[in-house]
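Here it is, the structure, as structure tokens.
The values are calculated or read from the model by the stated rules, or taken from the named source; none is laboratory data. Worth saying up front: this structure is predicted, and the values here are computed from it rather than measured. Glycine gets a Cβ as well: all are built from the backbone with ideal geometry, and neighbour counts include every protein chain shown. Just the protein is used for accessible areas: all its heavy atoms, side chains included, with ligands, DNA and RNA removed. Shrake-Rupley method; radii C 1.70, N 1.55, O 1.52, S 1.80 Å.
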Amino acid sequence: MKKRDLFAASALALVMGVASANAQVTINRGNDTDPATLDPHHTQTVSEARVLADLFEGLITKDAAGQNIPGMAESWEMSEDGTVYTFTLRDAKWSNGDPVTAQDFEYSLKRIMTPETAAGYASILFPIKNGEAVAGGEMPVDDLGVRAIDDKTLEITLNGPTPYFLELLTHQSSLPVHRASVEEFGDQFTRAGNLVSNGPYMLQGFTPNSQLSMVKNPNYYDADNVAVDAVNWIPFEDRSACMRRFEAKEVVTCADVPAEQMDYVKANLADSLHIAPYLGTYYLPVKGADGSPLKDARVRRAISMVIDRDFIAENVWAGTMLPGFTLVPPGISNYVEGGVTVDYAEDDLFDREDAAKELLEEAGVEPGALTVELRYNTGENHKNTMAAVADMLSNIGINARLNEVEGTTYFNYLREDGPFDLARAGWIGDYNDPQNFLMLYTSNTPFNYSRWKNEEYDALLDEAAMETDLPARAEILAKAEALLLEEQAIIPILSYSSRELVATNISGYEDNLGSDHYTRWLSVN
């Protein structure tokens, strides 16, 4: 056994020994699914982010309320032009006792941007100077705007002012990895016994389809304030199964609740149910073939006007989603007060239908002349949503047929410019800033499923990217969203809400927009 393994084993034995002498606190938490990997530079899902937040800590982290707080960086300074951040690291250690250094972060950020890493989420860090060119292999990785000045000082240079940059540093893509472990074990560095972490917990074991077990990291700088000694993350792709285990008191949290059982949950588990606004939007991109009436903004607007969001939110999603008319979800940071919405949001539905018929007449679309396909990925709620939309479209003389597509290929089809009329889509924000939603409809992103192009829109996003005054930037971004909604290239219909079950004897769980609930902040009463 190597020196590091001996240390890790000793540390684990110490933790377990102290825990047994003092009534170790262990909790089981339900996750949506197993992580596909524990390598922060290869993860992409919310399910993985939950687990990684317990194992690793970035320069910035989240408190119980989901607010950014110092993590491995105890302080930082920003240059006057907003392009250079200088971080001072705290005294912290990895789980094997090695110091956490600025060089660790330089290594990690360069690792994720190296083309050979093939990190699926490297693009989220493109605001770093030369990030896109490095990731694309057009520049050497040494040209990335990241450098360790000394063990405790890290400098990151950006392409331009990026008000949400600190938020980006809380994303799992920005988490550090332990260089010596990666170099020694290669892609096996995430296995139990190999994984060295710097977060509140360290990996004890991982049995796929069963559980991922962690114990408190005794070397974590704030270990004295971590109340839960051990946590087991259990995958539940069947949300109902998690609910059954929750009722049996075998798990203390479920990351999701099946909407179709919401009436039962509200009647029997109301004290444990947490429904809160979530940083996500459920929307319908509109595309249509060349020459289709869907290329006319008046037709797209008519379709949007007749969709009864309240009905879908309450009757299809059982009150677990919120009716919405905007791409940027309410409550987001760095935006104009009250957000941006369409001018018919408050109009009576019957008045909207009348106005929609007038728009169709102006566009030359006779009643019954237009048939659209509603594409959606497999899911009972998605199916019911689209069925409701089809019924609503019939009120203004538009025919609709449903097209259900198996989930694993669904979004690839949209990203790869597959033809469709209207499709179901959703976006959960990677960071709390309107740019993360509005960038979806710039001309050259694959997430622009509609392939809508507007030079004015692109110019506004570019202008916002260079604006350092936050209120002024918010106004520019609001103009962009107003333009997008006026053109109605997409039809937002719902804002997401998180819906979780939390045992009533758990403290430290606070509803927040990002649904960030690190085990570090939880305790058992």
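Label point 7 Å out from ALA192 along Cα-to-Cβ: which residues of segment 216-252 have amide N under 14 Å?
So the set is 216, 230-235.
Accessible surface of ASP343 in the full protein assembly, 1.4 angstrom probe, to the nearest 10 Å²?
110 Å²
Still on this structure, please answer the following. Are there trypsin sites (Lys or Arg not before Pro) in segment 240-284 that DSSP marks as loop and that have at most 10 other Cβ atoms within 10 Å, and which are they?
The qualifying sites are LYS249.
Taking only C-alpha pairs under 8 Å that are 6+ residues apart, what is the relative contact order of the chain in percent?
About 20 percent, as a whole number.
Related question: Hand me the GluC sites (Glu not before Pro) from segment 221-250 located in a DSSP loop with no more than 14 other Cβ atoms within 10 Å, in residue order please.
Those that pass, being in a loop and sparsely packed, are GLU237, GLU250.
So, one more: Gain in length, GLU456 to ALA227, computed as 0.36 nm per residue apart minus the alpha-carbon separation, to one decimal in nm?
Between GLU456 and ALA227, full extension yields 77.2 nm more.
Further, regarding this structure: Under a straight-distance cross-link criterion of Cα-Cα below 26 Å, which lysines are reachable from LYS62, leaving out those fewer than 8 residues away in the same chain?
Straight-line reach from LYS62, under 26 Å: LYS93, LYS110, LYS129, LYS152, LYS216.
Shifting gears a bit: Going highest first, how would you order 23-33, 213-223 by mean Cβ packing within 10 Å?
Per-residue mean Cβ counts within 10 Å order the peptides as 213-223, 23-33.
Here is a further query. Tell me the volume per residue, in Å³, of the convex hull enclosing the alpha carbons of segment 370-506.
167 Å³
Alpha carbon centre of segment 350-371 versus segment 205-231: separation in Å?
58 Å
Still on this structure, I have one more. Helix-only mean residue ellipticity at 222 nm, the chain, DSSP H runs n ≥ 4 weighted -39,500 (n - 2.57), per residue, nearest 500. What is it?
Helix-only estimate at 222 nm: -8500 deg cm²/dmol.
When only DSSP loop residues count, what GluC sites (Glu not before Pro) in segment 289-393 have their Cβ near at most 15 other Cβ atoms within 10 Å?
For GluC sites (Glu not before Pro) across segment 289-393 that sit outside H, G, I, E and B with at most 15 neighbouring Cβ atoms in 10 Å, the list reads GLU337, GLU346.
Still on this structure, please answer the following. In segment 79-205, what percent of the accessible surface is made up of carbon and sulfur (1.4 Å probe, ligands and nucleic acids excluded)?
44 percent
Now for a separate question. Relative contact order for segment 61-168: what percent, with Cα pairs under 8 Å and sequence separation of 6 or more?
29 percent
In square nanometres, what is the average projected area of the Cα convex hull of the chain?
Answer in nm², one decimal: 24.5.
Identify, among HIS178, LEU168, VAL215, the residue whose Cα sits farthest towards the positive end of the charge dipole of the chain, taking +1 on the Cβ of Lys and Arg and -1 on the Cβ of Asp and Glu, with the dipole about the Cα centre.
Positive-end residue among those listed: VAL215.
Measuring from centroid to centroid over Cα atoms, what is the spacing of segment 317-343 and segment 429-480 in Å?
16 Å
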